[in-house]
Structures are given as C-alpha cells and as structure tokens.
2 protein chains.
Amino acid sequence: MILGGKRDESLILPTNDSISATLDTAQLHAKTTVMISPDFKEDRIWLNGKEEDIKNARLQNCLKEIRKRSQLSGHINDWKIRICSKNNFPTAAGLASSAAGYACLTAALAKLYKIEGDISIIARSGSGSACRSVMGGFVRWYMGSDKNGTDSLAKQIVPASHWPEMRILVLVVSDEQKKVPSAIGMKRCIETSQLVQHRIMHVVPERANKMQQAIVEKDYKNFAELTMKDSNQFHAVCLDTYPPCIYMNNISNNIMNFVHSYNDAVNDVKVAYTYDAGPNATLYLLEKDVPAVIGVLDHFFPPPENSLEYRRGLPVEGIKPSQGLLEKLKFQKYPPGQLKYMIYTKIGDGPKYLNNPQDHLLDDQGNPINCS
Amino acid sequence: MILGGKRDESLILPTNDSISATLDTAQLHAKTTVMISPDFKEDRIWLNGKEEDIKNARLQNCLKEIRKRSQLSGHINDWKIRICSKNNFPTAAGLASSAAGYACLTAALAKLYKIEGDISIIARSGSGSACRSVMGGFVRWYMGSDKNGTDSLAKQIVPASHWPEMRILVLVVSDEQKKVPSAIGMKRCIETSQLVQHRIMHVVPERANKMQQAIVEKDYKNFAELTMKDSNQFHAVCLDTYPPCIYMNNISNNIMNFVHSYNDAVNDVKVAYTYDAGPNATLYLLEKDVPAVIGVLDHFFPPPENSLEYRRGLPVEGIKPSQGLLEKLKFQKYPPGQLKYMIYTKIGDGPKYLNNPQDHLLDDQGNPINCS
C-alpha cells in the first residue's frame, strides 16, 4: 500500500521504501514445483502450462543468485533444474502475478538448495516486489543505500495474526485498454516526471513510517487514508510522466469515487482503495464492515447478468443497504458488468510447502503435469 | 496552456503565473450588452436568456471594481445598470465559459464607464482566468506578489498576428460523470496535495518562461511539449488531491494516447493536447497539419451516426490517411460517437465592440432581446 519505482533497473533497486500485505494463498496463489536431477541436460521452465525461455534475464538473475548462495554455504551442485509454475489468477492483470510467481519460485528454490537466512534479496533479483511476498503478514521493502543492493531487502512488519480482522476485496474491472507495461512505465516515470523526485525524497519516507506505525497500532483510519493517498500520488506521478502512463480507467475512478462517497455517508473511514499498475481496485477493510460494503457495492455496481463466478474467494453474504444509507450516498447506480468479479480474501502467512506428491507440477521424470 | 490554482480565494490571486491563448470570437464567444439609465431602479442581469441574481459575489466584485475605477477617474455616476449576456457555446463544459463571460462583461463595462489603462485586474475580480481574455493573442497572467493583488494582472505576450499559423481544435467528448467544480477542486488541491507546492515553486516558473520563449520564437515543438507536460502535471496534482479530483475520462485519455501515437508515427511533434477542468481536449496545431490530423481523427474516432453538426467553426476538410500511416499508427479504432463534435478555430484579437444596434441584447427600455 506504499508504491514505488526503481532507481537501478538491472539490480532492481527501488526509489523508495514500500509496504505491502501478503495475501492468503488459500485464495490467490502461485504454485511452483522445482526438481533437480543429474539426468536433466538443461534448465527448463513451464509457466501456466507453456514452456518459456529459461534465458529470460530476470529468471537467470534469480537462478544465479540462488546457485551463488548455495555455493557460499558449501553446497556444490551443478545439476540442471526444471521448474513448473502456475497461478490460480489472471497474469498481467495488475494483480501482482509476477511478484507471486517469483516469490514462490524463490521459496521453492531456497528449499531445494537449502538456502538459509534472508531470501528476499534473491526474490528481488527476479521481480522487485516479489521480495516482500516471500514472507507473510505486512512487509516493508527497505530501499537500502548500498549501490550493489546488498541492503535492499524486505522485513516483516507484523505477521498476519497481528491484525486478523483485516480483509481484502479485489474488484476486477472490465477493461479493454492497452496499458504501458509497469516496468517500462516506472522507468519512464523516474526519467521524465518532474514530481516523482519530490514524492520519493519528501513524501514517501515519512508516509512509510506512518503507515508502519498505523499497522503496528492497528489504526485502521490512518492506515486507510495513507493507503488511498499513496495510491493517488503514485498514479499522479504516472500521469506526470512523459508521455503519460495511465493505469486507471473510468470504472477504477468510479470505484474510487464510490469509496469516498461511502465513507462520507457513514461519516467514518470504513473502506480504502489502492490501485497497482492496472485498473483493478484492491479494497482494504475490516471483517465487520465487509457485508455492508458488499451490499452497497452490489447495489451501485450490479454484477454482470448470468455471471457464474462473480464472487470468488472467502464465502461472504452482502447485507442489503437501508434506504436511509442509499439516500445519504450521493452516488449513481451503474449498469451491470462494470465489475467482472470480486475476490474476497485476507492477509496470509506467506509461502507454504506442499509435500503431497499429488500437488506437484512435475512428474518423476520432470515432465509437467496438472500445470495448465 | 500553463494551468494554475488560487493562493487567495476572495481576491482571486493565483498560485503561479499562467499562459493562455484567446480564441477568435468569430467561432467561440460571449456577447454582452450593458446599459445605464436614470430610469433603472436596480441593477439587473440576464445570462443566456435567464435572469440571474445580481448579488452574486463575483459579479458584485466586478461591478464594485468598475465603479471604483470610474470614480477614481472623476466620472461620478450612480445610475443603475442592466446587463444581458450570452455564450454561443455550452457553459460549464470546461470550455472556459466563465472566463469568456467575465472578460466580455469587463470590456463592455470598461467601455461604458470610460475606464482607461489595465482592465485585466477588473476581469480577474470576477473570474480569475478572465483576466487573460480581455486581450487577444497569447497572454500571460503574472501572479504578482502584492497581498492586495494590485500586481496580479495579465499582459499580452504576442498578438494573434505574431503566430498566424496556429490553430485550435476543440474535441468535445461524451461524458456523463459528475465532476468536482473546478473552483472547489483547485482549493482542495492547494490544501491537500503534497505535490502541488513543488509544482508551483519549482516547475511552473521555469516552464512559463520557456513557454513564453517558445511562443515568441514560434517554436512549435517546444510549445507543444510544454503544453502537454503542463496539462498532465496539472491533472496529476488534481489526482494527488484528497479526496482526488478527476476531470479527464477514458475518452480524454484515448485522445491523449492518440496524440502521442500520431506524433510517434510521423516522427515529429504535430499536435499537442491540453485539458482544462473537464474531459474535453483542446488541440494546438499548425494550420498546415490540420487536414491530415482531422483525417486521422475521423478514422480512429468516427463521428456519431446521423450527426448534423459534427464539425463546427472554421471550414476545413480532412485528408484521408494513407494505409502506410495507419499501419505505423499503433492505435485502435473506436466506435462512433466518442467525440460529440469538434470546433475548429484560431487565436483571436480579444474583445470586439459591436456598434450595430441589431447586435444588442437589450432594447431601448433595457429589456432583454435576442438573448436566449
């Protein structure tokens, strides 16, 4: 919920500290099997059922980092590996699929190679934001100051159990517009925005500390406001980029306006939005408020007609809003289908190791199974 | 094309210098008749055929300022006045109708009361941006430093004749979303954005000087890039406002992306966009490039079906784009009707005085005629 860009592209060093929550793998996850064997002639990787180029630079960064660390700890092993990975949610939809993927891969490889100590730096070498997702709960990625990036790593702020009431509602919106890929957009932002340096130097450091404090103190109101302000400012500097990068669409904006209208109507802060480099909204809210918010969302943003899988994730029932609340909510009702579906989830404990062979995505010979 | 907010709401003092072009009254104008008579018992005003409250604070500012200036120059006249005004374009559509209206009213009153010298300060007291529109060509509003606003006035950079090739294409887009009124939005921006002070202090001063230089030197490319960057940054600080203010919609964004795609495809800068506090795009381009740009716009943004008055303003024919250009333009074709209509116009010479009684909006008795 504190967003950022990169100061060094090749080492994946960020421009500022950032904070995120790791979502529960029970609802949204990447799943990865890694296998090592003297019989394998070359490294290979399959993603969501399709073989990908193992020479991908970020993947190689990650593999090299792992093998280096393994050697440092005295494990010499030059066998080739096979990797098979899949997500249970859409990739490249602004749902941080690459963060989940690289965090999962790193955790799997670290276990295989018996790496000890911090593995967030290894995950970072694959995909920056993945470094936060190798642990559960609320996590802060410290930008660090070393030019080689040795101190740019993630640390848990609190585990998921510290704030068990926190819930997440991901609103997946209809969208047809092509977006600038986030890595390109962020690079262009750092190079051309005349506001981003001010954000990095003078806004985020204090905001990240306040956010951390709000999390530690379970101060929802401050947490929510800081989250919304940081999302808005992140998209502001994307717009100040030249040419500009726009990730939010009309529906994203409608949800944003809805959240402010709802909070105004209940005269409190009950919901917060944040948008990553895409149009989908991630709402943070407390468990007790979820049924009311879902009820109002269903009223103003009716589900698509004949939608079979509109509500995903944890089971929940919306509460029909009172007439009084609807009148106070100065908001218009949209036609059905602005939201494609919603995923209800919570904060999770980070990577899980699956020991049951039925879960594995590679068979005994190292060929992909169950992986599309 | 350099946008701004206010540092003092009641005196209408801006946070930064700003620059605009005054459009030709032949295409877009406000028209105002003022009349004074010992027979009138009270001041009255009609706008677009409807009587409005003469006690409106901004109108009173303007009237008081005029009467004060008139008395200062020895003209004592306490007769009551009647004002009738109309625009030939939609009000509150982000087309600066209040700037045009107050500039026109000020010019009319100044003539009536025989005011000499600068009248931009009087126009400013009614509507800030009106101060630039009391003169023609490219105009700069100097923010000034006096706390009473005596040095916050507009000066012409160059007359329209300096850059006769410059053209303006206003794209009026379909829009149903309610917007935060710009005066409220700007106030909230100054109070809550953590980026706006950086914009005001460290970006705009240099940018306004560069813009002025580009205008004086008729350097279209620099003019265009500065215009686009300033529009984007203005909307960025609106988004960094809390709660955020969003004036552009998907169609606005599509036009913005189109402009960048077009400039990329022709490997030059041929079109520039700017957005005021609304979704409509104002494109600045040189006369020689207009037919080609209109041809490409018609291709990607087809007019609404059965549209009677799609092309407004100066006559112009689009040139059908070549297949080669369309292939280079990495852009998708939108369904008809994203643009409601377009107005083609140029830079104008500022207020015109209409002496033919047939043009007047008040009859001999001071009653409105021809004014709806």
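General observations
- Helix A:220-239 axis versus longest C-alpha principal axis of chain A: approximately 70°, rounded to the nearest ten.
- Antiparallel DSSP beta bridges within chain A, percent to nearest 5: 85
- Per-pair calculated FRET efficiency, R0 = 51 Å: B:Leu326 and B:Leu72 via Cβ, rounded to 0.05: 0.25
- Other-chain or far-sequence residues with amide H under 5 Å of B:Ser37's (modelled H): B:Lys80
- The range B:245-271 and the range A:347-372: distance between their alpha carbon centers, rounded to Å: 46
- Highest-MSF residue in chain A out of A:Pro244, A:Pro205, A:Pro357 [GNM, Cα springs under 10 Å]: A:Pro357
- Positive dipole terminus of the protein assembly as shown, leading residue within A:Tyr334, B:Ser152, B:Val180 (C-beta point charges): B:Ser152
- Distances between copies of B:Gln332, taken at a point 7 Å out from Cα along the Cα→Cβ vector and listed shortest first: 2.3 nm.
- Sorted by Cβ neighbour density within 10 Å, fewest at the top, the residues A:Asp268, A:Asp240: A:Asp268, A:Asp240
- Under a model in which nothing but the beta-carbon of Lys, Arg (+1) and Asp, Glu (-1) is charged, the range A:165-346 shows a dipole of about 140 debye around its Cα centre.
- Counting only other chain Cβ atoms within 10 Å of each residue's Cβ, the peptide A:227-239 averages 6.
- Using C-alpha pairs below 8 Å separated by at least 6 residues, the relative contact order for the range B:165-346 is 33 percent.
- Label-to-label distance, nm, for residues given as B:Leu354 and B:Ser174 (7 Å Cα→Cβ offset): 3.4
- Amide hydrogen proximity for B:Ala272: with H placed 1.01 Å from N in the peptide plane, the residues at 5 or more positions away or on another chain lying under 5 Å are B:Tyr284.
- Mean residue ellipticity at 222 nm, helices only, the protein assembly as shown: -10000 deg cm²/dmol; runs of at least 4 DSSP H residues each add -39,500 (n - 2.57), and the sum is divided by the number of residues.
- For the range A:20-155: rounded, prolate or oblate by the Cα gyration tensor [a/c cutoff 1.5]: oblate
- For the range B:275-338: rounded, prolate or oblate by the Cα gyration tensor [a/c cutoff 1.5]: rounded
- Rounded to the nearest Hz, the phi-derived 3J(HN,Hα) couplings of the range A:154-163 under the Karplus curve 6.51 cos²θ - 1.76 cosθ + 1.60 (θ = phi - 60°) are 9, 9, 5, 7, 8, x, 4, 5, 5, 9, where x marks glycine and proline.
- Derived scalar couplings between HN and Hα for the range B:196-213 equal 5, 5, 5, 4, 5, 7, 10, 10, 5, x, 5, 5, 5, 5, 5, 5, 4, 4 Hz in order, rounded to whole Hz, by the Karplus curve 6.51 cos²θ - 1.76 cosθ + 1.60 (θ = phi - 60°), x for Gly and Pro.
- 7 Å along Cα→Cβ, label-point gaps from A:Pro38 to other copies, nm, shortest first: 11.9
- Under 5 Å between amide hydrogens, built in the peptide plane, is the criterion, and for B:Ile157 it picks out B:Phe138, B:Val139, B:Arg140 among residues at least 5 positions away or on other chains.
- 12 Å beta-carbon shell around A:Asn370, net charge (K/R +1, D/E -1): 0
- Between B:Thr22, B:Thr192, B:Thr282, the Gaussian network model of chain B with springs among Cα atoms under 10 angstrom shows the greatest mean-square fluctuation at B:Thr192.
- Each of B:Asp118 and B:Phe40 was given a label point 7 Å from its Cα along the Cα-to-Cβ line. The distance between the two points is 2.7 nm.
- Here r is the Cβ-Cβ distance between A:Arg58 and A:Tyr310 and R0 is 30 Å; the resulting FRET efficiency, rounded to 0.05, is 0.30.
- Counting only DSSP beta bridges with both residues in the protein assembly as shown, the antiparallel share comes to about 85 percent.
- Taking the C-alpha atoms only, the angle from helix A:57-72 to the longest principal axis of chain A is near 50 degrees.
- Each Cα pair under 8 Å and six or more residues apart adds its sequence gap; the mean of these over the residue count of chain A is a relative contact order of 23 percent.
- Alpha carbon centroid spacing (whole Å) that separates the range B:288-341 from the range A:106-165: 51
- For chain B, the longest principal axis of the C-alpha atoms and the axis of helix B:250-265 are separated by about 60°.
- Across the range A:1-72, C-alpha contacts under 8 Å between residues 6 or more apart give a mean separation that, scaled by the residue count, equals a relative contact order of 15 percent.
- Selection of GluC sites (Glu not before Pro), the range B:193-238, meeting DSSP coil and at most 11 other Cβ within 10 Å: B:Glu217
- Springs join every pair of Cα atoms under 10 Å in this Gaussian network model of chain A, and among A:Trp163, A:Trp141, A:Trp79 the largest mean-square fluctuation is at A:Trp79.
We did not get these values from a lab; they are worked out from the coordinates using the rules stated. These figures come from a predicted structure and were not determined experimentally. Every residue, glycine as well, gets a Cβ built from its backbone with ideal geometry; the counts of neighbours run over all protein chains shown.
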